[in-house]
Each structure stands twice: as structure tokens, then as C-alpha cells.
Amino acid sequence: MYAGALDEVTRVLADLGLEPGSRLKTVGTLVDKLRRIPEPLSRIQDVAGARVVAEMTRGEQDRLVERITARFDDYRVKDRRAEPSFGYRAVHIIVRVQGRLVEIQVGRDYKTCGRRSSSGSPTSGAARSATAGHLPSRTGFSGTPRGESSSSGW
């Protein structure tokens with residue numbers, strides 16, 4: 001269901017010369033999240049996710065986000081650098097591909113992209129709501145230009 005959308009997103013990132021990591025939430029992780037946050041599955045934005053982590057300046061990170069968003073027609077940007085949430089300090093791009101939401105995290109190091117497991121490797125975590133920063137957005141997921149109200153609830 002989400003695998004095709006995630007494959008498309010990772011292909012786009014690879015076409016940009018990036019080497020993304022990617023993952024699909026497991027059924028158990030998804031059930032845990034739905035218990036914590038009673039939302040319809042269609043509103044969960046991180047069932048499928050990709051991550052791009054590189055040593056870069058904040059300006060380079062902004063330019064990379066712009067390059068990525070230029071490849072998608074329907075996306076939303078959440079900038080967690082100014083107001084970290086649950087350990088996330090990366091820029092999160094949520095794209096709609098094949099009718100599914102896929103989250104792309106763009107971080108300057110693994111610490112900015114979420115929690116770490118006891119082994120020290122990054123672990124996925126649920127993306128939480130945050131105010132988008134100054135980075136670009138093309139449309140809301142309903143097709144409504146950013147800044148206008150949308151029935152999608154974003």
C-alpha cells in the first residue's frame with residue numbers, strides 16, 4: 001500500500017544524487033501510535049519515511065529542502081529546527097505520492113533526525129505537529145495554495 005509511494009520518493013531523492021535511508025512502520029509500531037494519537041490512518045504522515053542526513057550548514061540544508069520540494073507537486077514543510085519536538089530538529093517534508101503521505105526528514109546529523117536506540121543508531125519515531133518555518137510549500141494536500149484555508153485540516 002505504502003511501499004510503492006516510498007519507492008517513488010526514494011527514486012526522486014536518488015535522482016537528486018542523494019542516498020536516502022527509508023522505512024515503513026511496522027504493524028506493531030503503527031498500532032502503538034494509533035493508540036497514543038487517535039487519528040484515522042489516512043492522517044498519519046509517517047507510515048512511510050525517508051531520511052537524508054549529511055554534514056551541511058543550515059543554508060545548505062535550506063537549499064536541499066528547496067531542491068527536494070521542487071520535485072513534488074503536493075507537499076508540506078515542517079521546520080523543527082527552531083522548535084524541536086520529541087527530539088526532532090530536522091526539516092520534515094511531507095509529500096503526497098500515489099495518494100499516500102510520505103515523510104522525508106532532512107537532517108544535518110543523526111541527532112537532528114530523531115531518537116537513538118541504545119545501540120546508538122537512529123530510530124524512527126512519530127512525527128508530531130509543528131508550525132512550518134520559513135521554508136517553501138507549494139500546496140496543501142487538498143490542492144489549496146498555502147496560506148489559504150483547506151478542508152484537509154492542515
Checked against (1) part of a loop (DSSP other than H, G, I, E, B); (2) touching a residue at least 40 places away in the same chain (Cβ under 8 Å); (3) exposed (fewer than 14 other Cβ atoms within 10 Å of the Cβ); (4) not basic (Lys, Arg), Glu19 satisfies every condition except (2)
Selection from region 80-125 of residues under 14 Å from the mean Cα position of the chain (by Cα), surrounded by fewer than 20 Cβ atoms within 10 Å (Cβ to Cβ) and either modelled with pLDDT of 85 or more or in a strand (DSSP E or B) (or both) yields Arg81, Ser85, Arg100
Item to complete: Inspect region 55-65 for any residue being at negative phi, crowded, with 21+ Cβ neighbours inside 10 Å and touching a helix residue (DSSP H, G or I) at 6+ places or on another chain (Cβ under 7 Å) and give the result as yes or no.
Response: no
Residue count, region 22-41, condition of a type outside the set (D, E, K, R) and free of Cβ contacts under 8 Å to residues at least 12 places away in the same chain, comes to 8
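The values are calculated or read from the model by the stated rules, or taken from the named source; none is laboratory data. A quick note: this is a predicted structure, and the numbers were derived from the prediction, not measured. Note that each Cβ is placed from the backbone with ideal geometry, even for glycine, and that neighbours are counted across all protein chains shown.
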